[in-house]
């Protein structure tokens, strides 16, 4: 069972980089199609009739399981990283560039990769009413394991495991998928004193890779001294009283060590948002706006996904088992079938069929924006995950406050964020013509951290065909003055 856990941790830590949306830029009135994934109404406020994103990528990592010592993100490009080995005095506490572990009793890992490909939005007038339509494409990867009972801390510290240990239940899910979405937004309640805008995203989801593991109850783990002929540094570890469900599918070809891209799942997704805006008729900028959005309602069905269940089997010898010593495990399935052989005497007994479903990372996003003076805004975002389906990937909870200056040719802002209501980050963004750079956790990018365990970076390239400005808009307005 330990290898099952290591397999999942490998997915979370190394297969994908984590990410989160850049909230500072998402509140920019010129963010356009890039921000409809957080607020489906946001493109409605773009004064340009066309908005085109060529490519954007948002990269973020946060965990309290492992870190790299005394380093920053840019320094990693040329650094030679060592794996911690306490017995050889290779520790993150006393030297740099060491991949070391926190070794806390509970471990959290969160990931959310988001890259937007060619996408656009267009503003049009239909029967004297403004509509905004958009089309976007994304590549996403997301997953989490929260409050994992960190049995691995003993091995990480190279100290003996306790003779008896109960590993608490946990669940985790991760998924990578492509997404194509249609965005639409328009004003409703035309006779209201305020402006009410309704926006929706209808999305087609194309699943690529996924894994879901659930430990339904405590696992009894026992450790004993190895035989005299075996390595004394590694105890014999046994698992019993387990009840584990594992579902997975991947495009990675382990035999040839390459990734073969193909669609393995499909599904539908929905984002819906409503915004109330206070804006004077003759003003280009609003005084304030409040939006409430429900994001990622839906799921992806992997019909060919592989399902295993380990329940009520015999005690399984996990570490120092001579049966595993000379085995060449090429794929995860090789190992799972060998575990099945140990638990039930039949390598096919744990296999329980094909097909599983992973829910999208459903969340609520509430946003408030207040104009301070011309081109200056203060903005607040609150995102709370609300898993809608039984087996859903989960995004991180976030509270963000930012101050931004938004002009046609450029914009910039500074922000502070509280991730999972306990990790405080500082960042910002810069929009200079077609180039946008930003980070919600800027310091680790440039400054060395004693424990580098989180970082963020955002990059986008876009352009505005048929760009608009204040002079053009005023020329188009109908004059209601007396002749």
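The values are calculated or read from the model by the stated rules, or taken from the named source; none is laboratory data. From a predicted model like this one, the values you see are computed outputs, not experimental measurements. Neighbour counts are summed over all protein chains in view; Cβ atoms, including those assigned to glycine, are modelled from backbone coordinates with ideal geometry.
For segment 31-41, the tally of residues that are in a loop (DSSP other than H, G, I, E, B), over 17 Å from residue 179 (Cα atoms) and either touching a helix residue (DSSP H, G or I) at 6+ places or on another chain (Cβ under 9 Å) or free of Cβ contacts under 8 Å to residues at least 40 places away in the same chain (or both) stands at 1. Would you be able to tell me the number of residues in segment 195-228 that are within 22 Å of residue 156 (Cβ to Cβ), more than 27 Å from the chain's Cα centre (by Cα) and in a strand (DSSP E or B)? Of the residues in segment 195-228, 6 are within 22 Å of residue 156 (Cβ to Cβ), more than 27 Å from the chain's Cα centre (by Cα) and in a strand (DSSP E or B).
Among the residues in segment 53-73, are any assigned to a loop (DSSP other than H, G, I, E, B) and at pLDDT 90 or above? No, that holds for no residue. Here the condition is being surrounded by 19 or more Cβ atoms within 10 Å (Cβ to Cβ), in contact with a helix residue (DSSP H, G or I) (Cβ under 7 Å, 6 or more places away or on another chain) and either modelled with pLDDT of 90 or more or at positive phi (or both); of 173, 211, it holds for 211 alone. Residues in segment 410-429 that are assigned to a loop (DSSP other than H, G, I, E, B) and touching a strand residue (DSSP E or B) at 6+ places or on another chain (Cβ under 8 Å) were compared, and the one that is surrounded by the fewest Cβ atoms within 10 Å (Cβ to Cβ) is 421. Of note, residue 164 does not satisfy the criterion of being touching a strand residue (DSSP E or B) at 6+ places or on another chain (Cβ under 6 Å), under 28 Å from residue 209 (Cβ atoms) and free of Cβ contacts under 8 Å to residues at least 60 places away in the same chain. One residue stands out in segment 314-330 among those that are touching a strand residue (DSSP E or B) at 6+ places or on another chain (Cβ under 9 Å) and under 21 Å from residue 211 (Cβ atoms): the one that is modelled with the lowest pLDDT, namely 318.
Restricting attention to segment 430-453, which residues are surrounded by fewer than 20 Cβ atoms within 10 Å (Cβ to Cβ), in contact with a strand residue (DSSP E or B) (Cβ under 8 Å, 6 or more places away or on another chain) and touching a residue at least 24 places away in the same chain (Cβ under 8 Å)? Passing the criteria: 433, 434, 435, 445, 448, 449, 450, 451, 453.
Select from segment 446-465 the residues that are under 20 Å from the mean Cα position of the chain (by Cα) and modelled with pLDDT under 85 and write down the one among them that is farthest from residue 68 (Cα to Cα).
The extreme case among them is 457.
Regarding residue 403, is this residue within 25 Å of residue 76 (Cα to Cα), more than 19 Å from the chain's Cα centre (by Cα) and assigned to a strand (DSSP E or B)? For residue 403, the condition - within 25 Å of residue 76 (Cα to Cα), more than 19 Å from the chain's Cα centre (by Cα) and assigned to a strand (DSSP E or B) - is not met. Of all positions in segment 466-474, none carries a residue that is modelled with pLDDT of 90 or more, within 24 Å of residue 52 (Cβ to Cβ) and either in a strand (DSSP E or B) or touching a strand residue (DSSP E or B) at 6+ places or on another chain (Cβ under 6 Å) (or both). Taking the listed residues 284, 231, the one that is touching a helix residue (DSSP H, G or I) at 6+ places or on another chain (Cβ under 8 Å) and part of a loop (DSSP other than H, G, I, E, B) is 284, with no other qualifying. The residue list 44, 25 contains one member that is within 20 Å of residue 406 (Cβ to Cβ), out of contact with any helix residue (DSSP H, G or I) (no Cβ under 9 Å at 6 or more places or on another chain) and either assigned to a helix (DSSP H, G or I) or without any contact (Cβ under 8 Å) to a residue 24 or more places away in the chain (or both), which is 44.
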